[in-house]
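Please read the structure below before turning to the comments.
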Amino acid sequence: AKELGRARFQAFHENMEYDFSKKVQLENDLHKALNENQFDLHYQPQVCTGKDHYLRMEALIRWEHPTEGKVSPAAFIPIAEDSGLIQEIGHWVLKTACATAKQMVRRGLNVVVAVNVSAHQIKHPDFQNLVETVLKDNQLPAQHLELEITESILMQELDMAVIMLKKLRRLGVSISLDDFGSGYSSLNYLKQLPVDILKLDRSFIHELPFNEESQKITTSIISLAHGLGIKVIAEGVENQDQADFLIENNCDYMQGYLFYYPVTSDHIISVIETLSPS
Ligand code: C2E
Ligand code: CA
Ligand code: CA
Ligand code: CA
């Protein structure tokens with residue numbers, strides 16, 4: 001049994017080492033990725049269940065690694081966060097998304113582009129200046145930009161996060177709370193964080209409309225949010241039954257494969273133009 005234990009430990013250990021060196025390799029490659037133009041932004045339109053005059057979409061980063069092929073942001077964003085590279089990458093995302101938004105605004109499209117922002121960026125004392133500069137450089141009015149933050153990561157240093165979010169909102173950008181309900185003490189956050197929009201986590205939507213608990217949670221969150229003057233976006237809407245339930249229960253926006261997959265930057269403008277009430 002002792003031998004077996006050791007063998008297991010060794011296998012586990014080797015596996016860790018493999019993961020570790022893989023991480024180190026990805027981190028090294030991430031350094032090059034920006035300079036070598038390996039990143040791209042895709043955009044996933046969000047559909048409105050009512051009559052909103054904004055055309056909304058979420059920007060999602062893509063990495064085409066020269067030898068590994070596509071690497072998921074779920075895999076490399078945490079590495080970028082640990083290594084500090086997220087500041088540079090996040091800046092690139094913000095600049096690129098604002099430039100695209102500006103192109104659309106120039107065509108007379110009333111868009112809102114939502115950009116995912118890491119807690120590490122929010123915690124950077126200069127973040128608000130950086131956002132302001134990017135908006136100015138692109139001559140993009142702030143109402144066309146939304147910043148998506150994830151609740152769990154703001155746990156520590158909540159007070160500082162609240163101050164930064166208030167500054168950002170004062171610029172005129174809107175704030176959305178991503179993956180709502182997937183973490184803990186969500187309700188407590190809602191009270192404290194200055195947010196305009198709440199994104200209902202995919203895990204609830206997945207079980208709609210037949211799971212009674214998910215139904216109740218979803219409708220309660222929607223009415224709670226509305227009571228606080230906050231709009232609701234449902235994430236990961238994949239079938240018509242889910243959409244019907246959400247529409248019936250006053251969810252404001254829906255996002256998911258039922259409507260659109262994320263679209264490449266080359267195509268997003270023409271896709272958004274088809275959505276525009278001309
Ligand atoms: P997220 O912010 O929750 O983004 C939504 C994810 O769900 C995206 O995955 C999107 O492609 C996917 N999705 C959209 N509709 C559906 C659907 O109907 N069903 C299912 N199953 N999935 C759907 P993606 O693009 O792989 O991104 C994964 C995560 O990586 C994001 O989760 C976000 O946390 C992070 N991320 C992506 N882009 C950025 C970025 O530019 N900056 C930062 N900091 N994080 C990013
Ligand atoms: Ca998001
Ligand atoms: Ca999300
Ligand atoms: Ca997420």
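The values are calculated or read from the model by the stated rules, or taken from the named source; none is laboratory data. Every value quoted in this text rests on a predicted model; they were computed, and no experiment measured them. Here Cβ is always computed from backbone atoms with ideal geometry, including for glycine, and neighbour counts include all displayed protein chains. Areas reflect the complete protein model, heavy atoms only, side chains present, ligands, DNA and RNA absent. Shrake-Rupley method; radii C 1.70, N 1.55, O 1.52, S 1.80 Å.
So the values come out like this:
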quantity	calculated
Accessible heavy-atom area order of 237, 271, highest first, probe of 1.4 Å	271, 237
Under the Karplus curve 6.51 cos²θ - 1.76 cosθ + 1.60, θ = phi - 60°, whole-Hz ³J(HN,Hα) for the range 234-251, x wherever Gly or Pro sits	8, 9, x, 6, 10, 9, 5, 4, 4, 4, 4, 4, 5, 5, 4, 9, 6, 5
Hz values of 3J(HN,Hα) by residue in the range 78-92 - Karplus curve (6.51, -1.76, 1.60), Gly and Pro given as x	x, 5, 5, 5, 5, 8, x, 5, 4, 5, 5, 5, x, 5, 4
Placed amide H near residue 147: partners under 5 Å, 5+ positions off or other chain	115, 174, 175, 176
Listed residue pairs exceeding 20 Å between alpha carbons, taken from 167/191; 102/136; 23/70; 102/167; 32/95; 70/199	102/167; 70/199
Reachable aspartates and glutamates, given that their alpha-carbon falls under 19 Å from the alpha-carbon of residue 22 and they are not under 8 places away in the same chain	14, 64, 68, 81, 82
Neighbour cut-off at most 16 other Cβ (10 Å), DSSP loop, GluC sites (Glu not before Pro), the range 66-123	68
Farthest toward positive dipole pole in the range 105-150 [+1 Lys/Arg, -1 Asp/Glu at C-beta], among 119, 109, 141	109
Average projection area in nm² (convex hull over Cα atoms of the chain, one quarter of hull surface)	17.7 nm²
For residue 112, residues with placed amide H under 5 Å, excluding near neighbours	55, 56, 57
Residues whose placed amide H lies under 5 Å from that of residue 65, excluding near-sequence neighbours	70, 71
q = 0.17 Å⁻¹: log10 I(q)/I(0) that the Debye formula gives for the range 157-278, counting C-alpha atoms only	-0.94
Sorted largest first, extent of the range 208-266 alpha carbons per principal axis (Å)	39, 28, 15
Cα centroid separation, the range 110-124 to the range 157-219 (Å)	14 Å
Calculated from backbone phi, Karplus (6.51, -1.76, 1.60) coupling profile of the range 257-273 in Hz, x at Gly/Pro	5, 4, 9, 8, 7, x, 10, 5, 4, 5, 9, 4, 5, 5, 5, 5, 4
Per-residue [θ]222 nm for the chain (sum of -39500 (n - 2.57) over DSSP H runs n ≥ 4, rounded to 500)	-16500 deg cm²/dmol
